[in-house]
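Let me begin by presenting the structure, written as C-alpha cells, before commenting on it.
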2 protein chains.
Amino acid sequence: MSKALERREKLRESLLEAAEAVIAAKGLAGLKTRDLAQKIGVANGAVYNLVEDVDDLVLRVGSRTLARLDAALSASEEAASATPVETLVRIAVAYCDFAAENTELWRALFEHHMPPGKDVPEWRVAEQAELFRHVHGPLLTLFPQLPPAELGALSRSLFSAVHGMVALGLEQKLVAVPLDELRREVALIVRAMVKGLVLEAKERP
Amino acid sequence: MSKALERREKLRESLLEAAEAVIAAKGLAGLKTRDLAQKIGVANGAVYNLVEDVDDLVLRVGSRTLARLDAALSASEEAASATPVETLVRIAVAYCDFAAENTELWRALFEHHMPPGKDVPEWRVAEQAELFRHVHGPLLTLFPQLPPAELGALSRSLFSAVHGMVALGLEQKLVAVPLDELRREVALIVRAMVKGLVLEAKERP
C-alpha cells in the first residue's frame, strides 16, 4: 500500500471512530461532519475523500455496530447444552442486553433512512440478513421439515418480534421498562411463541 | 370564544394539517417550520404562537395519527363472534394494515425523540398506553387469573412484538416483505404466541 493510501485508511478509521463516539453520545441527530473534520484534523470538504457522503458514513458506523452485535449473539449461543428453545431465549436476551448497552448506536441502525431515490447498498442488506442466521439454526433443529422459505420467514418474524419488544421497552415514549423486567418478558414471549409454533406444527395434518 | 382565539384555533388546525401532509409525504426529516408558516400564510415566528416548539408540533400531529390508529384497531374488533385468539390476530393484522397505509406518519410516532432533558408529556404517554387496551381485553378473557401487572406486561409485550414485525417488515433495510406475506406472518406468530401462553398457563403449578 502506498503511503498516501495508508494515511487515507488511517484517517478514515479515525473518522469512523469519531462518528461512532458522537452517535453513541448524542444519537444520529448529533452528527455533524464539520465537527468530525475538526476532530480528526482535516478540512471540512476532505471528509468526502474518506466517505462518499453522510449516509455512507452512517452505514459504515452501522457495520461496526452490526459486527459487535453479531459477536454478542454468537457468544450467547456457546452454551451448547441448551435446548433449541432455550438457545433462542438466550439469543433474545443477548439482543436485549446489547441494545440496552449500546442504545444510541443500535437505534441508529434502524432509524437511519436512505434519502429518496437511493437504495440501501447490497453489502448492508447482506450484513443484516446475517443476523437472522442466529435464529435460523435453532429453528431448523426444531422444524426440520419446514421448507427453506418458511423457515426464513419464521427466522425474520421471531427476530423482528424480539426487536419490537426491545425497541419499545427501551423507548422513553412508551414508558421504559426496567431492564430486568424486559429480559424476563422477552424470555417469556420467545418461549411461548416457540412452544406455540411447535404445537401448531404437531396439529398440522 | 373571542374572535382572536377562534382565529388562532383555525390557524393551529391549518398548521397541524400542513405538518401532517409534509410528514406523510416526506417523513419527519422533511419538516421545516418555515415552509409550514408560508403554507398557512403567517410569518415564520408566528408558528410559535400556535405551538410551543417543533417537538410540540410533532407530538400534536402524532395525536391525530394515534386517534386514527385507535379507530382502525377498534373497527377490527367489531366481529364479536371471533374467539379471543382470533380477535388478537385481527387487531395485529389491522395494525399491520394501518402502518402500511400510513407508513411515514406511523413511523414518526416512534422516530421522534424529545431533546435531551425534555420529557415526553404525560398526555402523550396516556394516549400511547391507550393502544395497549385493545390487546388487554382479549388477554383478560384468556387469562382471567393473571395479576393485573402481569396482564399489563403481557399486553405491552404482545403489542411490541407485533410492532417489531411490522416495523422491520415495512423497512427497506431488512428487505421489505410483501404486505400479504407480512399479514400472514403476523397472524401466524400472534396465534402461536397466544397458544404458547395458554399452554404455559396450563402447565403452571
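The figures follow:
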{"read-out": "Condition met for A:Leu197 (within 10 Å of chain B (Cβ to nearest Cβ), of a type outside the set (Phe, Trp, Tyr) and touching a Leu at 6+ places or on another chain (Cβ under 8 Å))", "value": "yes"}
{"read-out": "The listed residue being of a type in the set (Phe, Trp, Tyr) and in contact with an Asp or Glu (Cβ under 9 Å, 6 or more places away or on another chain), out of B:Phe98, B:Phe110, B:Phe132", "value": "B:Phe110"}
{"read-out": "Residue, surrounded by the most Cβ atoms within 10 Å (Cβ to Cβ), within segment B:142-169, restricted to residues that are at the interface with chain A (Cβ under 7 Å from one of its Cβ atoms) and of a type in the set (S, T, N, Q)", "value": "B:Ser160"}
{"read-out": "Boolean, A:Ala94 is over 22 Å from B:Ser155 (Cα atoms), of a type in the set (Gly, Ala, Ser), at pLDDT below 95 and under 13 Å from the mean Cα position of the chain (by Cα)", "value": "no"}
{"read-out": "Odd one out for B:Val135 among (1) crowded, with 21+ Cβ neighbours inside 10 Å; (2) of a type in the set (A, V, I, L, M); (3) part of a helix (DSSP H, G or I); (4) within 11 Å of chain A (Cβ to nearest Cβ)", "value": "(4)"}
{"read-out": "The one condition in (1) away from chain B (no Cβ under 14 Å); (2) outside any helix (DSSP H, G or I) that A:Met114 fails to fulfil", "value": "(1)"}
{"read-out": "Residues (open to solvent by 70 Å² or more (accessible area, probe 1.4 Å) and outside any helix (DSSP H, G or I)) located in segment A:117-132", "value": "A:Gly117, A:Lys118, A:Asp119"}
{"read-out": "Close pairs (7 angstrom Cβ cut-off, 6 or more residues apart or separate chains): of a type in the set (Val, Ile, Thr) in segment B:93-118, modelled with pLDDT under 90 anywhere", "value": "B:Thr103/B:Leu170"}
{"read-out": "Unique residue being in contact with a helix residue (DSSP H, G or I) (Cβ under 8 Å, 6 or more places away or on another chain) and more than 14 Å from chain B (Cβ to nearest Cβ) when the list is A:Ala72, A:Ala25", "value": "A:Ala72"}
{"read-out": "The lone exception for B:Glu101 - which of (1) out of contact with any helix residue (DSSP H, G or I) (no Cβ under 7 Å at 6 or more places or on another chain); (2) away from chain A (no Cβ under 14 Å); (3) closer than 23 Å to A:Val166 by Cα it fails", "value": "(3)"}
{"read-out": "Single residue of segment A:138-194 satisfying the filter (part of a loop (DSSP other than H, G, I, E, B) and either closer than 17 Å to A:Val89 by Cβ or among the β-branched types (Val, Ile, Thr) (or both)) that is modelled with the highest pLDDT", "value": "A:Phe143"}
{"read-out": "Residue match in segment A:45-52 (condition: under 17 Å from the mean Cα position of the chain (by Cα) and in contact (Cβ under 8 Å) with a residue 40 or more places away in the chain)", "value": "no"}
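The rows are residues; the columns are (1) farther than 30 Å from B:His112 by Cα; (2) crowded, with 20+ Cβ neighbours inside 10 Å; (3) at pLDDT 95 or above; (4) under 17 Å from the mean Cα position of the chain (by Cα).
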position	(1), (2), (3), (4)
A:Lys3	yes, no, no, no
A:Ala29	no, no, no, no
A:Gly41	yes, no, no, no
A:Val54	no, no, no, no
A:Ser63	no, no, yes, yes
A:Ala72	no, no, yes, yes
A:Glu104	no, no, no, yes
A:Glu111	no, no, no, yes
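Yes or no, residue by residue, for (1) among the aliphatic types (A, V, I, L, M); (2) at pLDDT 90 or above; (3) crowded, with 16+ Cβ neighbours inside 10 Å:
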| residue | (1), (2), (3) |
| --- | --- |
| A:Gly45 | no, no, no |
| A:Leu50 | yes, yes, yes |
| A:Leu57 | yes, yes, yes |
| A:Arg60 | no, yes, yes |
| A:Ala80 | yes, no, no |
| A:Leu88 | yes, yes, yes |
| A:Phe98 | no, yes, yes |
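The values are calculated or read from the model by the stated rules, or taken from the named source; none is laboratory data. Note that the coordinates shown come from a computational prediction; the quantities given were computed from them, not determined experimentally. Neighbour counts are summed over all protein chains in view; Cβ atoms, including those assigned to glycine, are modelled from backbone coordinates with ideal geometry. Only protein heavy atoms, including side chains, enter the accessible area calculation; ligands, DNA and RNA are left aside. Shrake-Rupley method; radii C 1.70, N 1.55, O 1.52, S 1.80 Å.
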